[in-house]
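The values are calculated or read from the model by the stated rules, or taken from the named source; none is laboratory data. None of these values were measured; they are calculated from a predicted model. In this analysis, Cβ positions are derived from the backbone assuming ideal geometry, glycine residues included, and neighbour counts consider all displayed protein chains.
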Amino acid sequence: MKAVILKDKQKLVVEEIPVPVAGDNEVLVKIRAVSICGSDLHIYNTALFGPDLVMGHELSGTIVKLGNGVEGWNEGDDVWVAGGGPCTRCLECLRGKYDQCTDFKIIAAGDYQGGFAEYIKVPYSFLSPIPNGVSFREASQVDTLGIAFRAVEIAGVGIGTSALVLGGGAIGLYAVQCLKAVGAEPIILSEPTQHRAELGRKFGADIILDPSTENVEERLMELTGGQGADVVLECAGRPETVVGSITMARRRSGTVVLMGVCLEPITLIPWEWVERDITVHFMNGTGGDPIHNKCLKSLEEKRFAIDEIITSSITLDELPAAFERLVKPNDEVKVVVEFD
Ligand SMILES: [Zn+2]
Ligand SMILES: [Zn+2]
């Protein structure tokens, strides 16, 4: 099968490799759509998980082969594939505490090869059915949408909560839509790229700030009577936005959710954080099936603008060039590889 292999830092090559064989409790999925994640760009730049890696963990497809022991699925089922999942066999899993699994497996980071390929094998515990009327490309967005969904849920956003979103990439723009859906006001988006800022406004951001031309913290304080935002969602993954997220949250009652991938060090003065007396959540991923199911349901109900967030649809052969483009300044949001 055709697969795109990360040979080394910033070196992606299209190659022929054997189709994987589904083992016990695994299925072989023919991939129909796979979305490029911001974390894929970090892995591309750093080769964090070593050479000869197939990246890609935001995917949907059709089951073409069942391994031994697979229950509840059939060949031909259309599925959304989670980027990772519980082992189902450790003590925590046997107790039903799947989110505390001690042997949680991840796609495209060593445990399983990823989805920038024609086929993938995964444990059947990673699968969810794609609801009627939801396309493969829409389903490929569940992972990203789920992160925004969970952040808004964790932050306890309600009607009239003031919210600042730092970064208008895919997660930030889904977050704006989620905030709007639950009645946050005002929704303030900080994003320097014009196209993404325009999408943010379209999706419900009341105020757009441009960090390349204005001091976001000063502007936020003017807008909130010097108080800061009730909720700050850090979706940019930049040292300055991570540090700034804390000092922009409302003193004594604010909540910050850090979810951006930032691999650079930050300098912080601990007292500046402690004296805010706020709640900070470090959030990694969607947290599992309860959120996935809500996202799939929301896609079925067409509650979010997906098509405008997917700014390009490409083929597997075009993937290396897309990565070269995406690591430079650009105005794309989500790029999805689609198969006939
Ligand atoms: Zn992802
Ligand atoms: Zn487990």
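List the number of the failed condition for Tyr112; all other conditions in (1) surrounded by fewer than 24 Cβ atoms within 10 Å (Cβ to Cβ); (2) over 30 Å from Leu209 (Cα atoms); (3) more than 16 Å from ligand 1 (Cβ to nearest atom); (4) more than 17 Å from the chain's Cα centre (by Cα) hold.
Result: Tyr112 passes all but (3).
Kindly indicate whether any position in the stretch 199-208 is under 23 Å from Phe304 (Cα atoms), free of Cβ contacts under 8 Å to residues at least 24 places away in the same chain, more than 20 Å from the chain's Cα centre (by Cα) and assigned to a helix (DSSP H, G or I).
yes
Can you tell me which residue within the stretch 81-108, out of those that are assigned to a loop (DSSP other than H, G, I, E, B) and within 15 Å of the chain's Cα centre (by Cα), is nearest to ligand 1 (Cβ to nearest atom)? First the steps, then the outcome.
So the first thing to find is which residues in the stretch 81-108 are assigned to a loop (DSSP other than H, G, I, E, B), and the list is 82-83, 86-90, 95-97, 101-104, 108.
Within this subset, residues satisfying the condition of being within 15 Å of the chain's Cα centre (by Cα) are 82-83, 108.
Details: Ala82: 10, Gly83: 6, Ala108: 9 Å.
Here the answer is Gly83.
Would you call Val134 under 23 Å from Lys334 (Cα atoms), modelled with pLDDT of 95 or more and either among the hydroxyl-bearing types (Ser, Thr, Tyr) or in a loop (DSSP other than H, G, I, E, B) (or both)?
yes
Find all pairs meeting these conditions: Cβ atoms under 6 angstrom apart; at least six residues apart or on different chains; first residue within the stretch 218-229 and over 17 Å from Thr161 (Cβ atoms); second residue of a type outside the set (Gly, Ala, Ser) and not in a helix (DSSP H, G or I).
Arg219/Leu209
Hand me the list of helices (runs of 4 or more DSSP H) wholly inside the stretch 225-340 holding 3 or more residues that are among the polar types (S, T, N, Q). Before you say what the answer is, go through the steps one by one.
On the way: elements: 239-247, 270-274, 289-300, 319-326.
Helices (runs of 4 or more DSSP H) meeting the threshold: 239-247.
Check whether at least one residue in the stretch 73-94 is surrounded by 18 or more Cβ atoms within 10 Å (Cβ to Cβ), in contact with a helix residue (DSSP H, G or I) (Cβ under 6 Å, 6 or more places away or on another chain) and aliphatic (A, V, I, L, M), and report yes or no.
Yes, there is a match, as at least one residue in the stretch 73-94 is surrounded by 18 or more Cβ atoms within 10 Å (Cβ to Cβ), in contact with a helix residue (DSSP H, G or I) (Cβ under 6 Å, 6 or more places away or on another chain) and aliphatic (A, V, I, L, M).
For Leu59, are the conditions met, namely being within 16 Å of ligand 1 (Cβ to nearest atom), in contact (Cβ under 8 Å) with a residue 40 or more places away in the chain, crowded, with 16+ Cβ neighbours inside 10 Å and part of a strand (DSSP E or B)?
yes
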